[in-house]
1. From the Cα gyration tensor of the stretch 1-56, with a ≥ b ≥ c the square roots of its eigenvalues, which class applies: rounded if a/c is under 1.5, or else prolate if a/b is larger than b/c, or else oblate?
2. Roughly how many Å² of HIS86 are accessible to a 1.4 Å probe, to the nearest 10?
3. Under the rule a/c < 1.5 gives rounded, and otherwise a/b versus b/c splits prolate from oblate, where does the stretch 93-154 land using the Cα gyration tensor?
4. From the convex hull of the Cα coordinates of the chain, what is the mean projected area in square nanometres?
5. Once the piece of chain linking LYS154 and GLU133 is laid out straight, how much longer is it, given 0.36 nm per residue of separation minus the C-alpha distance between them?
6. In deg cm²/dmol and to the nearest 500, what is the mean residue ellipticity at 222 nm of the chain if only DSSP H runs of at least 4 residues count, each as -39500 (n - 2.57), divided by the residue total?
7. Could you tell me which GluC sites (Glu not before Pro) in the stretch 1-83 are loop residues by DSSP with no more than 16 other beta carbons within 10 angstrom of their beta carbon?
8. If contacts are Cα pairs under 8 angstrom and at least 6 residues apart, what is the relative contact order of the chain in percent?
Amino acid sequence: MKIRGETLLDYPTIAEVNTLGFKGENEARLIEKIRISDRYIPELSLVAEIDGRVIGHILYSYIDLVDEDTFQVLGLAPIAVHPQFHNQGIGSALINASLEIANTRKEAIVIVLGYPSFYTRFGFVPSVDYQIESPFPVPDDVFMVKTLQSYDKKYKGKVIYPPAFDGC
């Protein structure tokens with residue numbers, strides 16, 4: 001398996017992987033909206049491929065963390081693996097590779113809404129542990145944060161998702 005940055009030629013397959021993985025087109029539309037926004041981070045849109053076939057994708061974009069100051073922090077969404085390749089460590093490999101890149105970029109934190117049983121393996125904890133509030137009512141354990149090497153206690157407040165997330 002190879003993990004690399006996405007290219008323009010990957011876009012249709014990435015859309016297919018997300019549509020199959022999530023059983024709907026919302027995530028594929030979200031990716032398209034993020035790509036044309038000022039929150040898109042090309043270095044943090046990665047694909048996993050086997051024998052030249054894209055079978056997984058992960059995307060981070062900037063979201064806002066608002067308190068006395070407003071900070072741009074990383075939002076992880078979405079991550080998808082083609083259903084034929086589930087439970088083979090591909091999602092984990094994408095997360096590990098992307099977190100390394102995020103640290104290299106000196107990002108401070110990553111925010112994710114997802115399954116605690118999956119994300120806690122990578123060091124994600126409930127965001128409330130860091131005084132970070134979800135923008136919508138969800139159980140504390142599913143709105144999570146992972147601090148990176150550049151984390152500072154100033155990163156707290158309420159998460160605000162950019163317009164690309166509207167309707168997704």
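1. oblate
2. 90 Å²
3. Here the stretch 93-154 falls in the oblate category.
4. Taking the Cα atoms of the chain, their convex hull projects to 9.2 nm² on average.
5. Extra length available between LYS154 and GLU133 comes to 6.2 nm.
6. Helix contribution divided over all residues of the chain: -7000 deg cm²/dmol.
7. Here the sparse-neighbourhood loop sites are GLU25, GLU68.
8. Relative contact order comes out at 22 percent.
The values are calculated or read from the model by the stated rules, or taken from the named source; none is laboratory data. Only a predicted model underlies this, so the values are computations on that prediction, with no experimental measurement involved. When we count neighbours, we look across all protein chains shown, and the Cβ atoms used for this are built from the backbone with ideal geometry, even at glycine. Protein only, heavy atoms only, side chains kept; ligands, DNA and RNA dropped before computing areas. Shrake-Rupley method; radii C 1.70, N 1.55, O 1.52, S 1.80 Å.
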